[in-house]
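The values are calculated or read from the model by the stated rules, or taken from the named source; none is laboratory data. Source: prediction; values computed, not measured. Every residue, glycine as well, gets a Cβ built from its backbone with ideal geometry; the counts of neighbours run over all protein chains shown. Surface areas here come from the heavy atoms of the whole protein model, side chains and all, with no ligands, DNA or RNA. Shrake-Rupley method; radii C 1.70, N 1.55, O 1.52, S 1.80 Å.
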Amino acid sequence: MSLLDETLARIVAPDERLRAEIARKLDSKTKPPRSLGRLEDMACAIAAIQRTPTPQLKKKAIVVLAGDHGVAAGGVSAFPQEVTVQMLLNFADGGAAICVLGRHAGADVVIADMGCRVAPKSHPKILDRRIGPGTQDFTRGPAMSRDDAQRAVEAGIRIALDLAEQGTALIGLGEMGIGNTTAASAM
């Protein structure tokens, strides 16, 4: 069984009874009901996912996965693909907005090269999880083979498992790559 299949088999639905219980408790607080909006939704969701009325959020991480998209060859971005690797190095040096937000939230920022067209120079804060030098241009054929797509998903699963083993209880996800808006819009 593949890591992807094993992971899918272990996923359980959030505890909806607990989600409703936490929502009732939040509504009973001295404040207008639902006045905290999405913050209340997130609190209920985290409790339901962790299956506890007192979720633990002491250790947090933001995982930024980077890779270049072959569709960029068609001129869909204002920036050249060399910017992806420059941004990766900026993330690693703590100079990007996500780094500021991570510090403010007390979250580690974990950066992984999933397939920049040009590999970044070795950096202790950049995980090398390269599947290849970016994807193919999806306007001319498949962006990735099914095997490469599964390898990419499983690389992400391994990053999450490693973080969980280190005590991380909440993971936020981000991505960076020239051509990413076009790829995301097409999906």
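For this structure, a couple of remarks:
- Protein accessible area in the chain, 1.4 Å probe - carbon and sulfur %: 59
- Taking the centroid of alpha carbons for each part, region 56-107 and region 1-50 are 27 Å apart.
- Calculated SAXS-style log₁₀ I(q)/I(0) at q = 0.14, 0.22, 0.24, 0.26 Å⁻¹ - region 131-187, Debye, Cα scatterers: -0.51, -0.99, -1.08, -1.16
- The slack in the chain from residue 24 to residue 175, taken as 0.36 nm per residue of separation less the alpha-carbon distance, amounts to 50.9 nm.
- Cβ-defined net charge surrounding residue 114, 9 Å radius [Lys, Arg +1; Asp, Glu -1]: 0
- In percent, rounded to a whole number, the relative contact order of the chain is 29, using alpha-carbon pairs under 8 Å and six or more apart.
- Selection from 70, 101, 163, by position along the positive dipole direction of the chain (Cβ): 101
- The chain - mean residue ellipticity at 222 nm from DSSP helices (-39,500 (n - 2.57) per run, n ≥ 4, rounded to 500): -13000 deg cm²/dmol
- What you get for region 1-100, charging only the Cβ of Lys and Arg (+1) and of Asp and Glu (-1), is a dipole of about 780 debye around the Cα centre.
- Which label in (1) 66; (2) 47; (3) 60 gives the computed percent of Cα pairs over 21 Å apart: (3)
- Heavy-atom accessible surface of region 65-146, averaged per residue, reaches 58 Å², computed with a 1.4 Å probe.
- Converting phi to 3J(HN,Hα) with the Karplus coefficients 6.51, -1.76 and 1.60 and the offset θ = phi - 60°, region 37-53 yields x, 4, 4, 5, 4, 5, 4, 5, 5, 5, 4, 5, 5, 7, 6, 8, x Hz in sequence order, with x at every glycine or proline.
- In this structure, the residue pairs whose Cα-Cα separation is over 26 Å, taken from 31/60; 29/58; 58/125, are 31/60.
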